[in-house]
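The values are calculated or read from the model by the stated rules, or taken from the named source; none is laboratory data. The structure displayed is predicted, hence computed values, not measured ones. Cβ placement follows ideal geometry from the backbone for every residue including glycine, while neighbour counts extend to all protein chains displayed.
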Amino acid sequence: MNTKINSEEVLKQLQSGEDVTIKYQFVSESITQEVYAMLIHILGGIDKLYLVEVVYTVIKEALMNATKANAKRQYFLLKNLDITNPTQYFQGMNGFREEIIMKWNDQEDNLTGSKYFIALRMRIKNKEMMILVENNAPLLPEEQERIQKRIDSAKMYNDLSEAFMDMGDTQESAGLGIILSQLLLKNSGIGQEKFKITSTPKETRVSLLIPENTVPLEVSNKIKTKILNEMDGLPPLPQSLTKIINLCNNPDSDLNVIASEIEKNPALSADILKLSNSAGFMSRSRVNTILQAVKVVGLKNIRNLLYVTGVRKVMEGQYGKIQEVWDHSNRASYYARYISNESGRLKIGDIVAVGGLLHDLGKLLLLSIEKNLFNKLIAYQKGKEMNNSTLLEEISLGISHATLGAQLAKKWDFPEDLITIIDYHHKPFVTPEPYKEIVELVYIANMMADVQDAKRGYFTIDPVLLKKFTNIDSLESFQAYLDRVEKGYQHSINEEKQLSGS
């Protein structure tokens, strides 16, 4: 049990018509990371990679629920309590919450060697994939009734925001996991009817059938309409900026003319000098004049920095400054350049640094007009080690911050590489080929910045991409790398403050 998954071997077995069974006694975060990597491999191999986040979210929920169900049975066994006796059940559950759920990271030792196990079974037949999660602990009648009520209630909701509103702030997110899974299945086109939970006197089984063809459901709600209307009402980038951007796009433009145009606007000049000397671009020598910035940073990067300046002017003019987004973006920008330099990818350092600055463009709008709901989504994700926050946004708001950001970038005529980084920074596996590597690198930088901000954990980062860019393959080596890059970031921030005299 708990042997390391060989994704290539599993795919080969499935494609040859064999059934695959993997058994566990405790499903840890490192195991769910392995399952995620395996699903990328399998679904990519059967041309269904676009479903990986949905399938993973549903299967992970089933695996974690099975692990908790087994832990509950083991706890009652060790306490010599009868789980079928209502009085003893009530007594045992109080202790279970305090001694087990509140100390979940200590439970692997309790379950290892017990009689309880979880089996993940998979097979591919007639171009359909069946995934089963089984654990050898039957559901109690009240547990079965509670689960069925949650499945039925999910059918009433069009999006997750309705479920959040119904449950209110006073209730914990109990039951939201099943509702989330149901909505994902409905909206992805897999269908809620393809998901079943059954119980026999010997086991509990969760089954998910992935059909040959899926047609995603367009999620449309009042919130999404409000967000899109708000986006349509945003002004274009300032004309003074677009004039200089057009000059930068012309390879025959005179550098002195471009520098002169920038210098006509003192506020813009200050922004360009600040960005040229910011953490993401600090690998160069100190830039003191606009002409020097144009020569050293290059026309393409000056143009991209003008997009950053334009975004800040429009968004802050409309909604005020959302410092938390810019702080995260500055960190991601530095991390992206650092990783590109460390991995010998110097040529893409400039574009990933700018991509890091702009990747969360959509969050600026979401936090400005749907702050309460957006913060609820963030709170729900905490401690759940979710790989992709955009899924929650899509079934709650009808649109993710990545998609919204890309639409904003298109509205403002951003170049295709920046639009693609913004659009795909949470789904690098399905990125169009010409931009794959820059998106992958921004994805890694963003995820690492989230770990540094304590928004997610190491096991949510795709291990294959992490190893590709950093050669990291363990939590220890990851922490050492993160400490090193963060130290460099803090040093650059201090340098910026000293140079600006603040």
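Any residue that is over 30 Å from Ser276 (Cα atoms), assigned by TED's automatic domain parsing to the domain that holds His328 and free of Cβ contacts under 8 Å to residues at least 40 places away in the same chain - is there at least one of those in segment 483-500?
No, that holds for no residue.
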Here are Arg331, Arg337, Arg312: which of them is in contact (Cβ under 8 Å) with a residue 12 or more places away in the chain, surrounded by fewer than 22 Cβ atoms within 10 Å (Cβ to Cβ) and basic (Lys, Arg)? Arg312
Among the candidates Ser253, Ser276, Ser260, Ser329, which residue alone is in contact with a His (Cβ under 8 Å, 6 or more places away or on another chain) and of a type outside the set (Asp, Glu)? Ser329
Exactly one condition in (1) farther than 30 Å from Thr214 by Cα; (2) buried (at least 20 other Cβ atoms within 10 Å of the Cβ) is not met by Met129; state its number. (1)
Which ones in segment 25-49 are hydroxyl-bearing (Ser, Thr, Tyr) and assigned to a helix (DSSP H, G or I)? Ser30, Thr32, Tyr36
Expected single match for farther than 29 Å from Arg456 by Cα, of a type in the set (D, E, K, R) and in contact with a helix residue (DSSP H, G or I) (Cβ under 7 Å, 6 or more places away or on another chain) among Arg337, Arg303 is Arg303
Return only the number of the condition from (1) more than 30 Å from Pro141 (Cα to Cα); (2) surrounded by 15 or more Cβ atoms within 10 Å (Cβ to Cβ) that Asn70 does not satisfy. (1)
Residues of segment 300-347 being among the β-branched types (Val, Ile, Thr) and farther than 23 Å from Phe374 by Cβ, in sequence order, are Ile302, Thr309, Ile339
Being surrounded by fewer than 18 Cβ atoms within 10 Å (Cβ to Cβ) and part of a helix (DSSP H, G or I) narrows it down to one of Ala445, Ala480, so name that one. Ala480
Which of the residues that make up segment 40-77 are within 25 Å of Pro463 (Cα to Cα) and either in contact with a Gly (Cβ under 7 Å, 6 or more places away or on another chain) or of a type in the set (Phe, Trp, Tyr) (or both)? Tyr50, Tyr56, Glu61
Can you tell me which residue is nearest to the chain's Cα centre (by Cα) among those in segment 452-477 that are among the hydrophobic types (A, V, I, L, M, F, W, C) and surrounded by fewer than 17 Cβ atoms within 10 Å (Cβ to Cβ)? Ala454
Just one of (1) exposed (fewer than 15 other Cβ atoms within 10 Å of the Cβ); (2) over 30 Å from Lys115 (Cβ atoms); (3) more than 25 Å from the chain's Cα centre (by Cα) trips up Thr198, so point out which. (2)
Within segment 243-259, work out how many residues are without any contact (Cβ under 8 Å) to a residue 40 or more places away in the chain and surrounded by fewer than 14 Cβ atoms within 10 Å (Cβ to Cβ). 7
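Being part of a helix (DSSP H, G or I) and among the charged types (D, E, K, R), is that true of even one residue in segment 451-464?
Checking segment 451-464: not a single residue is part of a helix (DSSP H, G or I) and among the charged types (D, E, K, R).
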